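Structure first, commentary second.
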Amino acid sequence: MNIDFYKSSFEKLINSDLIKNIYPMIDHIDITSFKDNPNFIAYDMSVNIYLNDPTIHENNMYEKEFDPHYLVEHHMKHLANYLSIQLVKIGFKLFGPDGELLLNWENK
């Protein structure tokens, strides 16, 4: 299967109710980059995460029970198994409902 298929399929999966039931403050997630990892038979990915809750900001997201690091490192990597793909690195940018950048965690 090609990389575009994996990208579009995974984007549908992470925007399904599986993630939104865990984190209802997520509006949607866009995959901005999905590419082969040169060191493994796996992939690297970057995503933009958009929130729908204006009360969440960079200083209180953990108090509001939202951990974007756990979202990408645990939930997204686990969901990738349903498509039989392995994700090595996931970078992300987190945006508030007004489009303000709250957090930038890009893996190099």
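The values are calculated or read from the model by the stated rules, or taken from the named source; none is laboratory data. Because the structure is predicted, anything quoted here is derived from the model rather than measured. When we count neighbours, we look across all protein chains shown, and the Cβ atoms used for this are built from the backbone with ideal geometry, even at glycine.
Filtered by the rule that a residue be hydrophobic (A, V, I, L, M, F, W, C) and within 14 Å of M76 (Cα to Cα), segment 1-29 gives F10, L13, I14, L18, I19, I22, I26, I29.
Conditions (1) of a type in the set (G, A, S); (2) in contact with an Asp or Glu (Cβ under 7 Å, 6 or more places away or on another chain); (3) over 14 Å from L102 (Cα atoms), marked per residue:
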residue	(1), (2), (3)
Y6	no, no, yes
P24	no, no, yes
I31	no, yes, yes
D44	no, no, yes
I49	no, no, no
Y70	no, no, yes
E73	no, no, yes
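Residues of segment 1-38 that are in a loop (DSSP other than H, G, I, E, B) and without any contact (Cβ under 8 Å) to a residue 40 or more places away in the chain: M1, N2, N15, S16, N21, P24, P38. Taking the criterion of being buried (at least 17 other Cβ atoms within 10 Å of the Cβ), hydrophobic (A, V, I, L, M, F, W, C) and in contact with a His (Cβ under 9 Å, 6 or more places away or on another chain), the residues of segment 1-53 that qualify are I14, I19, I49. Can you find even one residue in segment 80-89 that is modelled with pLDDT of 95 or more and not hydroxyl-bearing (S, T, Y)? Scanning segment 80-89 turns up no residue that is modelled with pLDDT of 95 or more and not hydroxyl-bearing (S, T, Y).
The set of residues in segment 74-108 that are in a helix (DSSP H, G or I) and either over 12 Å from the mean Cα position of the chain (by Cα) or exposed (fewer than 14 other Cβ atoms within 10 Å of the Cβ) (or both) comprises H74, H78, N81, Y82, L83. Here I26 fulfils each of the conditions (1) among the β-branched types (V, I, T); (2) under 20 Å from K89 (Cβ atoms); (3) at pLDDT 95 or above apart from (2). If I filter segment 54-61 for residues that are exposed (fewer than 11 other Cβ atoms within 10 Å of the Cβ), under 13 Å from the mean Cα position of the chain (by Cα) and not in a strand (DSSP E or B), do I get at least one hit? Within segment 54-61, none of the residues are exposed (fewer than 11 other Cβ atoms within 10 Å of the Cβ), under 13 Å from the mean Cα position of the chain (by Cα) and not in a strand (DSSP E or B).
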